[in-house]
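First up is the structure itself, then whatever we jot down about it.
The values are calculated or read from the model by the stated rules, or taken from the named source; none is laboratory data. Being a predicted model, the structure only gives us computed values, none of them experimental. Cβ placement follows ideal geometry from the backbone for every residue including glycine, while neighbour counts extend to all protein chains displayed. Note: areas computed on protein heavy atoms with side chains; ligands, DNA, RNA excluded. Shrake-Rupley method; radii C 1.70, N 1.55, O 1.52, S 1.80 Å.
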Amino acid sequence: MNTEDILDYRSDTFTRPTPAMRAAMAEAEVGDDVFDEDPTVHRLQEKVAAMLGKEAALFVPSGSMSNQIAVRLHCDGGDEFLCEAGCHIYNYEQGTFAQWGGVVARTIQGDHGVLKPEHFVDMIRPENDHSVRTRLVTLENTHNRGAGRVQPYGHVEAICRWAHDHGLRTHLDGARLWNAAVATGISPARWSAHFDTVSVCFSKGLGAPVGSALAGPRDMIRRARRLRKCLGGGMRQAGIIAAGALYALENHVDRLCEDHAHARQLASAIRDVPGLELVPPEIDTNMVIFRVAEQLGTAAEFCERLKAEGVSMLPVGRQLVRAVTHLDVPAESVGKAEEAISKTVVR
Ligand SMILES: *Cc1c(COP(=O)(O)O)cnc(C)c1O
């Protein structure tokens, strides 16, 4: 089967820039951003800072770099941060905070990624010669391993208030903050108001080919710029890719509601198939995770058979499969996905 004909639900990172986005990129005005002279990067950074209600923002090549710079901004060697057990910063970024900064993470098991204020009771280490120093709380919204769940706004508010009252900093991994904002009607700036720093991605549901940004107070973002260079993240005529991100912010945020509706449609089809079970059962945004009963084989085997029917999904555990809706899987194709799933199950 031609790869063009496969419906690729593995991740919202599989989007390719649209012709209009490519045109915006081709026409971008550029300069050397290591010298801080790229006008398109400046425009993007100002727009992101404004959308997140922060003083400044820094364009970085990836969300991982953005998060790791943030942890390093808030923590020194021998410091600890609190995070959810399934979060991206802890699980999917090579523990860069430890490799690079001698920083320790303490994980808290949430409910499909969702944390509550009660989880934080007694989580601050005492000040003494035995302990690492607790410095930071990180939250992830929406939560990737939690199947795109939105952290309830009241929890976020209470957890961050608790952190600040106890002298801790707060960082939001908002790789999919845009999805949380569209799903709840709560603006990115309102979500961000509770955090010292916020990381957002342009290369997920927004459909840009490259890039993330870290936003926060001006002095912190100035330091973040030095840390970016330290990690090799200084880029030259980065306006070319910043233009893709700008285009995405201007044109692809509101349409995320279509991805959410598509995910709900897909989930309701999966819910009706014997042997498949949604985990969690609720669909908040653009992700669906489901368990495949052992009689149907492993998740990997299920995905292989599904691919033969023209639909790609991602095994994310022995019996768990993930499907993510995005710009490059049109909502009209949900029928084809449903058909492929029922054929895969009867075999
Ligand atoms: C994708 C993702 C990131 C960053 O990933 P990069 O591939 O490094 O851009 C960070 N956090 C979450 C929750 C993500 O899903």
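Okay, here's what the table says:
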{"quantity": "The chain: calculated mean residue ellipticity at 222 nm from DSSP helix runs of at least 4, using -39500 (n - 2.57)", "calculated": "-11500 deg cm²/dmol"}
{"quantity": "Amide H within-cut-off set for residue 62, under 5 Å, with H built and near neighbours excluded", "calculated": "212"}
{"quantity": "Gyration tensor verdict on the stretch 205-347 (Cα atoms; rounded if a/c is under 1.5, prolate if a/b is larger than b/c, oblate otherwise)", "calculated": "prolate"}
{"quantity": "Rounded to 5, the percent of DSSP beta bridges in the chain classed as antiparallel", "calculated": "50 percent"}
{"quantity": "Share of alpha-carbon pairs per 5 Å distance bin for the stretch 217-260, given as whole %", "calculated": "6, 16, 14, 16, 19, 13, 11, 4"}
{"quantity": "Hz values of 3J(HN,Hα) by residue in the stretch 296-302 - Karplus curve (6.51, -1.76, 1.60), Gly and Pro given as x", "calculated": "8, x, 7, 4, 5, 5, 4"}
{"quantity": "Residue among 204, 116, 54 with the largest mean-square fluctuation in a Gaussian network model of the chain, springs linking Cα atoms under 10 Å", "calculated": "116"}
{"quantity": "Reference-scaled alpha-carbon Rg (2.2 N^0.38 Å with N residues) for the chain", "calculated": "1.01"}
{"quantity": "For the stretch 1-138, convex hull volume per residue from C-alpha positions, Å³", "calculated": "191 Å³"}
{"quantity": "More than 17 Å apart - percent of Cα-Cα pairs taken over the stretch 238-285", "calculated": "52 percent"}
{"quantity": "GluC sites (Glu not before Pro) lying in DSSP loop within the stretch 217-320, provided at most 16 other Cβ fall within 10 Å", "calculated": "282"}
{"quantity": "Solvent-accessible area per residue for the stretch 192-347 (1.4 angstrom probe, square angstrom)", "calculated": "41 Å²"}
{"quantity": "Most mobile of 36, 12, 196 in a GNM of the chain (Cα contacts under 10 Å)", "calculated": "36"}
{"quantity": "Candidates 174, 154, 244, ranked by Gaussian network fluctuation over the chain, Cα under 10 Å, top entry", "calculated": "154"}
{"quantity": "Computed over the stretch 179-262, Cα set: Rg, Dmax in Å", "calculated": "14.4, 42"}
{"quantity": "Candidates per GluC sites (Glu not before Pro) in the stretch 1-110, loop by DSSP, up to 14 other Cβ within 10 Å", "calculated": "27, 29, 37, 55"}
{"quantity": "Carbon and sulfur %, accessible surface of the chain computed with the full protein complex present, 1.4 Å", "calculated": "48 percent"}
{"quantity": "Label-to-label distance, nm, for residues given as residue 128 and residue 255 (7 Å Cα→Cβ offset)", "calculated": "5.8 nm"}
{"quantity": "The stretch 76-136 shape via C-alpha gyration tensor axes, a/c threshold 1.5", "calculated": "oblate"}
{"quantity": "Mean separation of Cα contacts under 8 Å (6+ apart) over length of the stretch 31-251, as relative contact order %", "calculated": "30 percent"}
{"quantity": "Cα-projected label distance for residue 98 with residue 116, points at 7 Å along beta-carbon direction, nm", "calculated": "2.9 nm"}
{"quantity": "For the stretch 266-347, the fraction of alpha-carbon pairs in successive 10 Å shells from zero, as %", "calculated": "19, 60, 21, 0"}
